[in-house]
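Read the structure below first, then the notes.
Only the coordinates and a few stated rules stand behind these numbers; no lab work does. The shown structure was predicted, so the numbers you read here are calculated from the model rather than taken from an experiment. So basically every Cβ, Gly included, is an ideal-geometry build from the backbone, and we count neighbours across all protein chains shown.
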Amino acid sequence: MDFSAKSLIAGQYNWASPTPSATRSIACPMRRTTLTQFLVEQQRSARAIKPELRLLIEVVARACKAIAVNVGKGALAGMLGNAGTENVQGEAQKKLDVISNEILMEANEWGGHLAGMASEEMETFHEIPSRYPKGEYLLLFDPLDGSSNIDVNVSIGTIFSVLKSSDELGPVTEKSFLLPGTSQVAAGYAVYGPTTLLVLTVGTGVHCFTLDREMGSWVLTQSNMTIPEDTKEFAINMSNMRHWEPPVKRYVDELLQGKEGPRGKDFNMRWVASMVADVHRILTRGGIFMYPRDKREPDKPGKLRLMYEANPMSFIVEQAGGAATNGHQRILDVRPGKLHERVSVILGSKNEVERVTSYHLA
Ligand code: P6P
């Protein structure tokens, strides 16, 4: 059997057929760990999750597959462009923002595992209709993060956070959602890029699943992702430099001085303008991501949203050995005052995040 790249690309290799042991772990789908198997293990042996949480994550993962299909159709299915509406943030909604939100809502409201849902795209939280049973979890999500990249075919994604409702029996109110990030029981994101990825934590490390688009299953492709404590790569929107506060200006200026400066080494810069893509790069090879508050909107503590962007990403980053602060405190400790609260975000390689934070506290 010819395993050369040529034959693989030419499709001459029948991936489903029995293969020599040398490649069986790659080619034979039965040997791979699926998301379902992983979650059953997390429930059964790690005792990390309850059956209802396992069901919730499976449903969200299935919804992300449906979103990936719509993202992949793009112009072929009229998925590009604006929906002609605005979200609660006053931002123009893309068609895929609205479709992704609807997919997540419809997938999750009937299962009996949720007490309520909240989304970047909806002003108020969504109570589970009385015709469906309610559960003990609260699901919060940014259904399609990085929307400005949709029409230019750059990676975008879905971010989600799961809280355990403290109002087991009482009616869910917005206040039920206003829990600090340390209350999360699960968090994850999907990246709709060259491959479709699902990155997940249930508090036992960070694990990456790649969508086998032919079989429609999420396959574990990386366990226990770890962020290096040091890095030579930073991510920030440099066009906002003149608006930054002094600690951020000092930090980035030192990076730009490179070897000749106080850091004694050169740094590289990346900015995808899709948080999921920037965070995934950092999880994969280290780095620091910054979206600090700035003088453009001095009354707002930042651009990114705490409950369904910063908190889930911070939970994931900390589980991978990184750090996440708002410049002054751990993001996961921030006590939210409102559902769509914004926050400054500095996250990634631990030593760099601690340095930037120390400049804020100096
Ligand atoms: P800017 C996308 O809109 C987003 O919320 C994040 O995914 C991303 O990191 C940031 O905003 C990009 O913001 O101001 O650079 O376009």
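Local charge for Arg342 was computed over the other residues whose Cβ lies under 13 Å away, with Lys and Arg +1 and Asp and Glu -1, and equals -2.
Considering only Ser314, Ser130, Ser274, the Gaussian network model of the chain with Cα springs below 10 Å gives its largest mean-square fluctuation to Ser130.
Eigen-decomposition of the gyration tensor built on the alpha-carbon atoms of the stretch 227-306 gives equivalent ellipsoid semi-axes of 21, 18, 9 angstrom, largest listed first.
Annotation for the stretch 81-124: GluC sites (Glu not before Pro) lying in DSSP loop with at most 12 further Cβ atoms inside 10 Å of their Cβ are Glu123.
Karplus-based coupling profile of the stretch 127-132, in residue order and whole Hz: 7, 5, x, 4, 6, 10, with θ = phi - 60° in 6.51 cos²θ - 1.76 cosθ + 1.60 and x standing for Gly or Pro. Could you work out how far the C-alpha centroid of the stretch 93-159 sits from that of the stretch 345-362, in angstrom? Centre-to-centre (Cα) distance: 31 Å. Phi-derived couplings, Karplus 6.51 cos²θ - 1.76 cosθ + 1.60 at θ = phi - 60°, listed residue by residue for the stretch 96-101: 6, 4, 5, 5, 5, 4 Hz, with x used for Gly and Pro. For a test of the definition: using alpha carbon positions, the gyration tensor, and the 1.5 limit on a/c, classify the stretch 22-118 as rounded, prolate or oblate. Oblate is the answer for the stretch 22-118, as a/c is 1.5 or above yet b/c matches or exceeds a/b. What is the distance in Å between the Cα centroid of the stretch 203-221 and that of the stretch 176-198? Centre-to-centre (Cα) distance: 14 Å. The modelled label-to-label distance for the pair Asn237/Met269, using points 7 Å beyond Cα in the direction of Cβ, is 1.4 nm. Extension gain for Glu229 to Asn351 (0.36 nm times residue separation, less C-alpha to C-alpha distance): 43.4 nm. Quick check on my link table: of Lys164/Lys300; Lys303/Lys338; Lys134/Lys175, which ones sit more than 19 Å apart, alpha carbon to alpha carbon? Table pairs above 19 Å Cα-Cα are Lys164/Lys300. Residues whose amide H comes within less than 5 Å of that of Phe267, counting only those at least five positions distant or on another chain, are Gly258 (H built at 1.01 Å from N in the peptide plane). Largest GNM mean-square fluctuation across Ala190, Ala83, Ala235, computed for the chain with C-alpha springs under 10 Å, falls on Ala83. Across Arg250, Arg54, Arg330, mean-square fluctuation computed from a Gaussian network of the chain (C-alpha pairs under 10 Å connected) peaks at Arg250.
Measuring nothing but how far apart in sequence close Cα pairs (under 8 Å, 6+ apart) lie, relative to its length, the stretch 218-268 scores a relative contact order of 32 percent. Report summary: the helix-based calculation at 222 nm, which adds -39500 (n - 2.57) for every DSSP H run with n ≥ 4 and divides by the residues of the chain, gives -9000 deg cm²/dmol. For the stretch 50-66, putting each phi into the Karplus relation 6.51 cos²θ - 1.76 cosθ + 1.60 with θ = phi - 60° gives couplings of 8, x, 5, 6, 4, 4, 4, 5, 4, 5, 5, 5, 5, 5, 5, 5, 5 Hz, in residue order, rounded to whole numbers and with x for Gly and Pro. Computed on the chain, with alpha-carbon pairs under 8 angstrom and 6+ residues apart, the relative contact order is 14 percent. The charge dipole of the chain, taken about its Cα centre with unit charges on the Cβ atoms of Lys, Arg (+1), Asp and Glu (-1) only, comes to about 780 debye. The mean sequence distance of close C-alpha pairs (under 8 Å, at least 6 residues apart), as a share of the length of the stretch 139-296, puts its relative contact order at 21 percent. With neighbour counts taken as other beta-carbon atoms within 10 Å, the residues Thr173, Thr231 rank, fewest first, as Thr173, Thr231. Along the Cα-to-C-beta direction of Glu52, a point sits 7 Å from the Cα; which residues of the stretch 177-217 have their amide N less than 16 Å from that point? In the stretch 177-217, the label zone of Glu52 (backbone N under 16 Å from the point 7 Å along Cα→Cβ) covers 177, 184-186.
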